[in-house]
Amino acid sequence: MSATTDSEFSIQKIMSWGLVIALGGVATVLALVSIASAAKGSKPSDEEAANSRIAPVARVEMAAPSAGAAAGNRSGEQIYKAACTACHEAGVANAPKLGDKAAWAPRLALGLDGLLKSAIAGKNAMPPKGASDANDTELARAIVYMANKSGASFKEPAAK
């Protein structure tokens, strides 16, 4: 009845195209597996260079004051200016600002001993002793300085 024409697909053409597509698929899968295993097994050739690329861009160091009174004899204001002002002037990480009576009120309720204990151990984002080199007496003086500027009337501790 109907004769086969060139526009019709024969079984051989279908099989040929199927084989080409299958081989292409296998080649693609092999190429992807090869690329994935090469990426997985690759190590940086220079570990030091890799570490320098991922190193932090900055760091903060708190240094001891170089001038002024000798360690152990510094006033509360000197300790405040050397270490505490970095956070307590601007309220960094929710540190109560110097002079903000509302923010200091619940802290002042702890008394000097409670505040000193908290400052020595560190509190929230504040590191122990506010990252200062102050001894406990100097730290107490700094707390008295800040507290008194913020509504308290603590007595400054004498040198031991």
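All of the numbers you see were taken from the coordinates with simple rules; none came from a lab. The structure presented is a predicted model; accordingly, all values stated were derived computationally and were not measured. Here the Cβ positions follow ideal geometry from the backbone for every residue, glycine too, while neighbour counts run over all protein chains shown.
Tabulated data
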| read-out | value |
| --- | --- |
| Positive minus negative residues near Asn148 (Lys, Arg vs Asp, Glu; Cβ under 14 Å) | +2 |
| Mean Cβ neighbour count within 10 Å, used as a protection proxy, ranking 16-23, 87-94, 135-142 highest first | 135-142, 87-94, 16-23 |
| Label-to-label distance, nm, for residues given as Val60 and Ala31 (7 Å Cα→Cβ offset) | 5.2 |
| Label-point separation in nm, Ala121 to Trp17, each point 7 Å along Cα→Cβ | 7.8 |
| Virtual spin-label span in nm between Ala109 and Glu77, 7 Å along Cα→Cβ | 3.1 |
| Length gained when the stretch Ser10-Val92 is fully extended (0.36 nm per residue, less Cα-Cα span) | 21.6 nm |
| Residue-wise HN-Hα coupling along segment 55-61, computed from phi with Karplus coefficients 6.51, -1.76, 1.60 (Hz; x: Gly, Pro) | 5, x, 7, 7, 8, 10, 10 |
| Amide H contacts of Gly99 (H built 1.01 Å from N, under 5 Å, at least 5 apart or other chain) | Ser150 |
